[in-house]
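A.B. asks: Got a structure here, written out as structure tokens. Questions coming.
Rule-based calculations on the coordinates, nothing more; no lab input. On a predicted model such as this, the values are computed, not experimentally measured, just so you know. With ideal geometry, Cβ positions are generated from the backbone for all residues, glycine too; neighbour counts draw on all protein chains shown.
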Amino acid sequence: MESAHRGSICVSAPDGSLLASVGDPEQFIFLRSSAKPFQLAPFVASGRFDEYQLTDEALAVMAASHSGEDRHVRLVQEILRRAGLTSSVLRNQVHAPFDRETANRLVRDGEAPTALRGNCSGKHAAMVLFAKASGWPIDTYLEPGHPVQRMALEAVSALTDVPVEEIITATDGCGAVTFGMPLRGLALAFARFADPAAIADPPLRGALTRIRDAMIAHPELVAGTRRRVDTAVMRASNGTVVAKGGAEGVGAMGILRHAPGRWSPAGIALTIEDGGAAPRAVNVATCAALEQAGVLDGAQVASLDEYAHPVIVDPDGAPSGNVRAAFRLA
């Protein structure tokens, strides 16, 4: 062994009971982009989303950390057009597309990245549309005291069972509010996302169901068409897993009620201590956790081999090593 990545994994039932873990379920994390479905939920629950007559594809990209491919850009543009807005209202980060081929093409064509290519542009478009439909200020939609951000915080609190006053808030990489809590809170939220049946508030319950189903139906919009573990896992699981990762080594999956394996419904949350510098560890841990939970069979695991057992190659492309999981859920 040459290198190792440490982390923690937590598996929760929708009632909050701990089903399995590795490491420390109480480890502090920021939810980062794993919270996007919950940040979107108040918009959908309010009925304002339907006023724009948008599609399930729009829901998926609003909950996404997309790869900045052309289809993602066109969809976010269409979302903004429905509100009579342009990309100038978006305040998310500008960076090169996550999709390597798209990023290389922009360089060849001399095209600079824009906010639309940023992986969080769908989330920010949703926040802007929610603010406009509700009559709230648009230019301050990222401020912690804005109603959009307050309602997102309340939704996260309801789903994680962490009181609002105990959630540590900070600024995410995209400029919006992010939420800090123990790892088990994220696992619980994804257990309830996988099976919202016990959520007492009917509009919130319905919103989460719609967002979950849109993500599962359009996994390539949640991440990308190439080299994105969330998309690959949702494709391989045949509709039994909803997945959404985040920055700094955070990952989360919801196992739906009709999934095979030991636990269904359930939520799995993980964090890798060295953060975003080693996404290979997140990918490996994600696949290993689903395999150990019995959610994926042998053929499905094999289809995820590039994520589950990434190969290290020499200059000629020949295998010289690989990355393997070294934990057992207990």
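A.B. asks: Criterion first (of a type outside the set (S, T, N, Q) and closer than 17 Å to residue 8 by Cβ) does residue 288 satisfy it?
C.D. replies: yes
A.B. asks: Separate question: Say we look at the stretch 172-214 and pick out the residues that are in contact with an Asp or Glu (Cβ under 7 Å, 6 or more places away or on another chain) and outside any helix (DSSP H, G or I); which of these is farthest from residue 263 (Cα to Cα)?
C.D. replies: 178
A.B. asks: Also: Give me the helices (runs of 4 or more DSSP H) completely within the stretch 94-167, filtered to those with at least 3 residues that are crowded, with 19+ Cβ neighbours inside 10 Å and of a type in the set (A, V, I, L, M, F, W, C), ordered by residue number.
C.D. replies: Ranges flagged: 121-134, 147-160.
A.B. asks: For the stretch 1-48, what are the residues that are within 30 Å of residue 142 (Cα to Cα) and among the basic types (Lys, Arg)?
C.D. replies: 32, 36, 48
A.B. asks: Which count do you get for residues in the stretch 193-217 that are over 14 Å from residue 241 (Cα atoms) and surrounded by fewer than 21 Cβ atoms within 10 Å (Cβ to Cβ)?
C.D. replies: Number of matching residues: 10.
A.B. asks: Of all the helices (runs of 4 or more DSSP H) wholly in the stretch 29-92, which have at least 1 residues that are among the small types (Gly, Ala, Ser), crowded, with 17+ Cβ neighbours inside 10 Å and in contact with a His (Cβ under 9 Å, 6 or more places away or on another chain)?
C.D. replies: In the stretch 29-92, the matching helices (runs of 4 or more DSSP H) lie at 56-62.
A.B. asks: I'd like the full set of residues that are assigned to a loop (DSSP other than H, G, I, E, B), touching an Asp or Glu at 6+ places or on another chain (Cβ under 9 Å) and in contact (Cβ under 8 Å) with a residue 40 or more places away in the chain, limited to the stretch 251-263.
C.D. replies: Residues satisfying the conditions are 256, 257.
A.B. asks: Something else: For residues that are out of contact with any strand residue (DSSP E or B) (no Cβ under 8 Å at 6 or more places or on another chain) and either among the small types (Gly, Ala, Ser) or loosely packed, with under 12 Cβ neighbours inside 10 Å (or both), scanning just the stretch 306-324, find the one that is nearest to residue 284 (Cα to Cα).
C.D. replies: It comes out as 308.
A.B. asks: Report yes if some residue within the stretch 52-72 is more than 30 Å from residue 157 (Cα to Cα), of a type in the set (D, E, K, R) and over 19 Å from the mean Cα position of the chain (by Cα); otherwise report no.
C.D. replies: Checked the stretch 52-72: at least one residue is more than 30 Å from residue 157 (Cα to Cα), of a type in the set (D, E, K, R) and over 19 Å from the mean Cα position of the chain (by Cα).
A.B. asks: Filter the stretch 1-28 for residues that are more than 22 Å from residue 263 (Cβ to Cβ) and surrounded by fewer than 16 Cβ atoms within 10 Å (Cβ to Cβ) and give the result.
C.D. replies: 1, 2, 3, 4, 6, 28
A.B. asks: Quick check, is residue 239 assigned to a loop (DSSP other than H, G, I, E, B), touching a strand residue (DSSP E or B) at 6+ places or on another chain (Cβ under 8 Å), of a type outside the set (Asp, Glu) and touching a residue at least 12 places away in the same chain (Cβ under 8 Å)?
C.D. replies: It is false that residue 239 is assigned to a loop (DSSP other than H, G, I, E, B), touching a strand residue (DSSP E or B) at 6+ places or on another chain (Cβ under 8 Å), of a type outside the set (Asp, Glu) and touching a residue at least 12 places away in the same chain (Cβ under 8 Å).
A.B. asks: Give me a count of the residues in the stretch 270-305 that are within 20 Å of the chain's Cα centre (by Cα), in a helix (DSSP H, G or I) and surrounded by 14 or more Cβ atoms within 10 Å (Cβ to Cβ).
C.D. replies: Going through the stretch 270-305 one residue at a time, the tally reaches 15.
A.B. asks: Given the condition under 23 Å from residue 19 (Cα atoms) and either in a strand (DSSP E or B) or of a type outside the set (A, V, I, L, M, F, W, C) (or both), answer yes or no: does some residue in the stretch 306-323 qualify?
C.D. replies: Within the stretch 306-323 (the criterion being under 23 Å from residue 19 (Cα atoms) and either in a strand (DSSP E or B) or of a type outside the set (A, V, I, L, M, F, W, C) (or both)), the answer is no, since none of the residues qualifies.
A.B. asks: Quick test of your reading of the structure: residue 248 fulfils all but one of (1) in a loop (DSSP other than H, G, I, E, B); (2) surrounded by fewer than 20 Cβ atoms within 10 Å (Cβ to Cβ); (3) out of contact with any Lys or Arg (no Cβ under 7 Å at 6 or more places or on another chain); (4) of a type outside the set (Lys, Arg). Name the failing condition by number.
C.D. replies: Status for residue 248: all satisfied but (3).
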